[in-house]
Amino acid sequence: MEKLLNKFLKAPWIIVAVTIVISAFLFMQMKENTSMETDLDKYMPQDHPAFVYSDQAEEWFGINDGIIVAIENQKGVFNAATLDTLKQLTRRLQKMDEIEKADVTSLYTADNIVGTEDGMDVKAFYSRVPSSEENLNEIKRNVENNEMTFGRLVSYDKTVTVIIAEIRDDVFTQEFYEEILSLVNEYETADIKIHVAGRPIVEGTMALLGPADMKKMVPIVLLVITLVLFVMLRSVKSTLLTMSVVFFSTLWVFGLMALLGIPIYAVSTMIPVMLIAIGVADGIHLYSHLQLFLRKNPTATKKEASVDMIKHMWKPVVMTSITTAIGFVSLLTSQVYPIKYFGIFTAFGVLMAMVFSLIVIPAGLMIFGLPKIKATKKSGDLESNLAYGFASKILKRKSASIIITAIIIVVSIVGMQKIWINSSFLDKFEKDSDIVLTDQFINSHFGGTTSLNLVLDADGKKDAFKNPDVLKLVEKMQNKVENDLEIVGTSFTLTDYVNRMNKVMNADKEEFNTIPDSQDMVAQYLLLYEMSGDPENLNKVVDYDYEKLNVTFQLKSDNSKAINSALDVIHEFEEDFEKMGITMKYAGSGYKGLVFTDLILEGQIMSLILSLIIVIVLLSFMFKNIKLGLIGAVPIIVTALISFGTMGFLDIPLSTTSALLSSIAIGIGIDYAVHFIEQYRNNALKTGDKVLAAQKTMAHSGRAISYNAIVVIAGFLVLLFSVFPPNRELGALVSLNMFTSFIGTVTVMLVLLYSSNVYFKKKK
């Protein structure tokens with residue numbers, strides 16, 4: 001390997017030219033073929049049983065995510081202007097290609113089940129906008145007397161009415177969202193205000209806003225890192241060459257993704273984060289060694305300096321890169337395709353950062369010359385003295401380092417107990433953002449913007465859901481979920497139809513707003529409905545043979561706690577339904593989002609454990625000592641524990657973003673550990689003195705590690721100013737991981753190395 005790298009020094013211009021040409025080609029691929037995947041259903045494993053069943057249920061009952069358009073008039077909605085706006089918007093939405101006409105529900109399209117002298121009739125609340133006060137009052141009375149409409153399509157205070165438009169799969173785009181907003185803005189007046197909400201809006205906005213914000217913030221992060229790196233290295237050439245490693249490796253990753261036709265997922269925006277931290281680390285370690293060499297050999301030629309740098313640094317750079325890459329490859333254990341792609345391409349990026357560090361940086365030195373070492377001998381000695389003094393103090397207080405680390409671990413474990421998983425998309429926005437305020441507004445007037453679909457399956461038993469006992473149990477469950485949980489606004493299923501029909505068939509008397517005791521009566525009502533109205537309306541709640549029932553619960557929050565609380569109450573009825581031969585299953589985006597988050601986190605836990613095992617094995621193999629493998633893993637474990645513990649104490653939930661940060665802890669931890677142990681070994685063999693070996697290691701690798709930590713922390717603290725909360729969390733947690741990895745390496749790992757007597761077996 002060393003001989004091959006030295007051969008590259010003979011043709012530096014060719015190395016740079018080939019790198020630039022390939023990079024230009026990949027850049028064109030990025031420009032022409034890069035696509036952003038915003039449909040979160042595409043993030044989910046399509047062969048997972050929960051998703052397979054949910055997709056099937058969605059076909060059975062036409063379950064699609066809906067956009068909610070709320071029309072507000074503080075003077076009341078039962079006036080000609082508001083009802084006309086409702087009618088016009090409903091029609092406009094019905095004509096959109098992304099929306100099926102039959103999947104648009106509003107007061108204008110809803111059926112009003114009423115009793116007649118001949119039995120029952122199903123008719124519209126209105127077709128023409130009434131102009132007379134009498135006709136307007138009639139609509140108002142009909143709505144107030146209809147439990148299926150009042151509180152669902154018109155708020156109880158009668159100031160808001162909604163249109164629910166279910167969109168087709170795979171159609172949410174930024175252009176579609178903007179088209180919706182443009183459409184509703186046409187109808188706003190001094191009295192009429194229009195709000196747009198719904199899961200597709202939230203999911204789509206998040207998927208678009210996150211990467212867009214990162215696109216703005218990453219250049220600022222890179223600028224800050226470049227400036228701080230310049231202050232550390234004190235050389236423009238060294239700084240630019242180090243940053244070129246980050247630039248080229250990131251470009252090659254996204255260029256290859258574009259070339260292979262792999263879209264950019266929201267999680268893909270974290271790849272530059274990883275490569276910045278790792279790429280900068282490689283460059284700093286190389287230049288740190290170069291600076292120390294030039295201070296000792298000020299007359300050395302650029303070839304001599306480059307050869308020495310390669311000789312001493314190629315092995316730790318390769319070792320750190322391979323172990324880090326394998327750590328990311330462990331993400332292939334995840335069932336989620338975006339996570340798998342993240343692992344594969346981050347690993348590729350890490351290996352490319354290794355290649356560019358070992359080829360492009362030396363080639364750059366040969367072309368542009370060596371950096372000027374502006375530091376005097378005294379300043380160099382000062383840095384060494386500080387490092388020597390720090391190492392001595394740590395070693396004198398070995399017990400204190402171990403005790404403090406143990407206390408931190410215990411406290412972190414306590415904090416970890418407070419961690420909770422959150423699948424919410426709304427919680428990723430600012431509390432005062434328009435999208436959150438709109439969601440809160442609609443939740444305050446209606447049942448909720450988040451849907452949880454419960455599918456009851458009688459397993460082939462025809463007409464099972466015409467059985468009054470079954471329907472009464474369903475209704476009992478609905479009432480308990482609604483009454484026990486404030487987070488649940490309303491529920492809707494076949495029972496609501498049957499109750500309404502029983503009431504209107506009995507002179508609208510409230511005592512008949514119940515499930516009749518006779519199955520024949522239930523069947524008769526349903527037949528009358530099918531004859532009077534549109535029988536397809538029932539398709540959303542029950543299948544043709546009445547073997548499967550869809551119960552929709554509307555929740556006022558989309559976070560995991562809310563969904564799980566509803567599931568807990570629903571599960572109380574599982575045994576009763578089983579006695580009737582009915583099983584419970586779930587469908588819809590709310591439930592899929594919950595399962596999806598759990599899958600990501602389960603995959604992360606598995607990959608984290610697997611990564612740690614791999615790291616220990618590889619370090620043990622590399623250094624031919626299992627004790628060193630375990631010692632090298634200590635900073636990684638401590639960093640991960642502190643990161644998760646901090647999240648627990650600060651009430652930062654585990655999400656797709658925060659869970660992946662364990663990869664940074666491993667990647668950076670490996671880098672620091674390998675460089676530190678390798679340098680310690682070399683110094684131990686040269687000096688034969690435990691204290692001196694520790695001091696020299698601190699002066700060399702400790703210095704480089706501190707530089708790397710300062711540079712990356714400074715850069716990622718910039719994300720604290722992001723407008724997108726998840727990116728702020730990312731910046732804070734990356735900075736924390738860098739700091740704890742640095743501190744753990746130069747304190748507790750140093751103490752463990754010293755105390756282990758590795759390389760000093762003959763000198764007890």
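The table below lists the values:
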| quantity | calculated |
| --- | --- |
| Spatial separation of Cα centroids for the stretch 448-496 and the stretch 82-118, in angstrom | 25 Å |
| Filter on 140/431; 428/556; 509/548 - keep pairs with C-alpha separation over 24 Å | 140/431; 509/548 |
| Cα-Cα pairs of the stretch 160-306 separated by more than 27 Å (percent) | 50 percent |
| Note, ³J(HN,Hα) from phi for the stretch 555-569, Karplus 6.51, -1.76, 1.60, rounded to Hz, x at Gly and Pro | 10, 8, 8, 9, 7, 4, 4, 5, 5, 5, 5, 5, 4, 4, 5 |
| Part-to-part distance (alpha-carbon centres) for the stretch 237-297 and the stretch 682-750, which is given in Å | 17 Å |
| Hz values of 3J(HN,Hα) by residue in the stretch 85-94 - Karplus curve (6.51, -1.76, 1.60), Gly and Pro given as x | 4, 4, 5, 5, 5, 4, 5, 5, 5, 5 |
| Cut-off under 5 Å, modelled amide H: who pairs with residue 100 long-range | 168 |
| Given charges at Cβ of Lys, Arg, Asp, Glu: the stretch 146-277 dipole, positive-most of 217, 156, 205 | 217 |
| Gyration tensor (alpha-carbon) shape descriptor, the stretch 210-257, a/c threshold 1.5 | oblate |
| Dipole magnitude (debye, nearest 20) for the chain, charges at Cβ of Lys, Arg, Asp, Glu | 8180 debye |
| Taking 658, 357 and counting other C-beta atoms within 10 Å, the order from fewest to most | 658, 357 |
| Net charge contributed by nearby residues that have their C-beta within less than 14 Å of residue 220 (K/R +1, D/E -1) | +2 |
| In sequence order, calculated HN-Hα J values of the stretch 19-36 (Karplus, 6.51, -1.76, 1.60; Hz; x Gly/Pro) | 4, 5, 5, 5, 5, 5, 4, 5, 5, 5, 4, 4, 5, 8, 10, 5, 10, 9 |
| Fewest-first ranking of 743, 201, 367, using other Cβ atoms within 10 Å as the exposure measure | 367, 743, 201 |
| Cβ-based exposure ranking for 624, 340, 428, in which fewest neighbours within 10 Å come first | 624, 340, 428 |
| Cα-projected label distance for residue 303 with residue 88, points at 7 Å along beta-carbon direction, nm | 8.1 nm |
| Stretchable slack from residue 461 to residue 27, in nm (0.36 nm times residue separation minus alpha-carbon distance) | 150.3 nm |
| Percentage relative contact order, the stretch 531-626, counting C-alpha pairs under 8 Å, at least six apart | 13 percent |
| Tensor-based shape of the stretch 370-494 (alpha-carbon gyration tensor, a/c under 1.5 rounded, otherwise prolate or oblate) | prolate |
| Long-range HN-HN contacts of residue 112 with modeled amide H, under 5 Å | 123, 124, 125 |
| Theoretical ellipticity at 222 nm over the chain - DSSP helices of four or more residues, -39500 (n - 2.57) apiece, nearest 500 | -21000 deg cm²/dmol |
| Helix axis angle, 49-61 relative to the chain longest principal axis, alpha carbon, degrees | 30 degrees |
| Taking the chain and dividing mean pair separation by its residue count, relative contact order in percent (alpha carbons under 8 Å, at least six apart) | 19 percent |
| Quotient of Cα Rg and 2.2 N^0.38 Å for the chain, N being how many residues it contains | 1.18 |
| Rounded, prolate or oblate (a/c below 1.5 giving rounded, otherwise prolate when a/b exceeds b/c) for the stretch 605-665 by Cα gyration tensor | prolate |
| For the stretch 262-371, size of Cβ-based charge dipole, Lys and Arg +1, Asp and Glu -1, in debye | 200 debye |
| Amide H contacts under 5 Å for residue 559, placed H, 5+ residues apart | none |
| The stretch 504-552 versus the stretch 606-667: alpha-carbon centroid distance in Å | 57 Å |
| Pair residue 1, residue 430: separation of 7 Å Cα→Cβ label points (nm) | 4.8 nm |
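Read-outs throughout are calculated quantities, based only on the coordinates presented, and are distinct from any laboratory measurement. Computed from a prediction, not measured in an experiment: that's the story for all the values here. As a convention, Cβ positions derive from the backbone with ideal geometry for all residues, glycine included, and neighbour counts pool all protein chains shown.
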